[in-house]
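Laboratory data are not the source of any read-out in this text; all were calculated from the coordinates shown. Here the structure is a predicted model, which is why all the values come from computation and not from measurement. Every residue, glycine among them, receives a Cβ derived from its backbone with ideal geometry; neighbour counts consider all protein chains shown.
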């Protein structure tokens, strides 16, 4: 599992409030990813990072921002949560190259926006 | 736009039969990679297998193999001798090597029947 943790694991919040989700890894991987999973949509990429302070947008980045000030932490912020952002959020790391290319996921965060 | 497609929303298979899950992609890139993941009802994402576009031989991992046909732009997952525990959602995912993005197909729900 590459030592990936997500916090919180569950959160209920109200529309309009800011929310920050944290992804923490212990193995110094360069690439980190945030996805959301909704019924009927599979996993959709929100943002990803390829190093400290290096981030880029994914498929569904509107309404989300990210920061990576340390290799081990990748933060996802919903500036003003909306009900459409109710979802399960997964963080992942990419392990490059040998023995093989791999992507490991955290356990997920269930977010409910009321 | 580059995309990845899983055309089978659901499949029912008898235990011990082999299963092929389809995945096609659309790209003009020469360098890329393809992942397959399993997501059981408990919700965690489990990495199964990876194939790079320059890999000469089809990837195998235990009962999983990847039928990679570059000319057809397909990367189908083959599960040999299916077991009841194989019942789950299966996702293929595409690695854009130039950008390090990894995006997912919509998934196939596999049900193994005794």
Hey, quick one: spin label on residue A:38, modelled 7 Å out along Cα-Cβ, who in segment B:73-114 has an amide N within reach, i.e. under 15 Å? B:106
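Please report the relative contact order for segment B:16-114, taking Cα pairs under 8 Å with a sequence separation of at least 6, and give it as a percent rounded to a whole number. Write out the running numbers ahead of the final one.
Numbers: 211 pairs, mean separation 31.8, N = 99.
Here the relative contact order equals 32 percent.
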For the protein assembly as shown, report the translational diffusion coefficient in µm²/s to the nearest whole number, using Stokes-Einstein at 4 °C, 1.567 mPa s, and a Kirkwood Rh over Cα pairs. 72 µm²/s
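For segment A:1-101, calculate the relative contact order in percent as a whole number, restricting contacts to Cα pairs under 8 Å that are 6 or more residues apart. Intermediate values should be presented prior to the final figure.
On the way: 209 pairs, mean separation 32.8, N = 101.
This gives 32 percent for segment A:1-101.
Given chain A, what whole percent of its Cα pairs are spread farther than 25 Å?
Values: 1033 of 6441 pairs.
Pairs farther apart than 25 Å: 16 percent.
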If one computes P(r) from the Cα atoms of segment B:53-114, what percent of pairs lie at distances over 14 Å? 67 percent
For segment B:72-113, what relative contact order do you get, as a whole percent, if you take Cα pairs closer than 8 Å and at least 6 residues apart? 42 percent
Only residues of segment B:42-77 count here: report those whose backbone N is under 12 Å from the spot 7 Å along Cα→Cβ of residue B:27, or say none. B:51-55, B:73-75
With each pseudo-label sitting 7 Å past Cα toward Cβ, what's the residue A:70-residue A:114 distance in nm, one decimal? 3.3 nm
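Send over the semi-axes of chain B's equivalent ellipsoid, whole angstrom and largest first, taken as the square roots of 5 times the C-alpha gyration tensor eigenvalues. Write out the running numbers ahead of the final one.
Values: eigenvalues 116, 42, 29 Å².
Sorted largest first and rounded, they come to 24, 14, 12 Å.
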Summarise the partner chain shielding of B:45-56 as one whole number: the mean count of Cβ atoms from other chains within 10 Å of each residue's Cβ. 3
For segment A:71-114, what size does the Cα cloud have along each of its three principal axes, sorted from largest down, in whole Å? 44, 18, 13
So for R0 = 45 Å, FRET eff. of residue A:57-residue B:70 from the Cβ-Cβ r, to 0.05, ends up at 0.95
Shielding of A:49-61 by partners, i.e. mean partner chain Cβ atoms within 10 Å per residue? 1
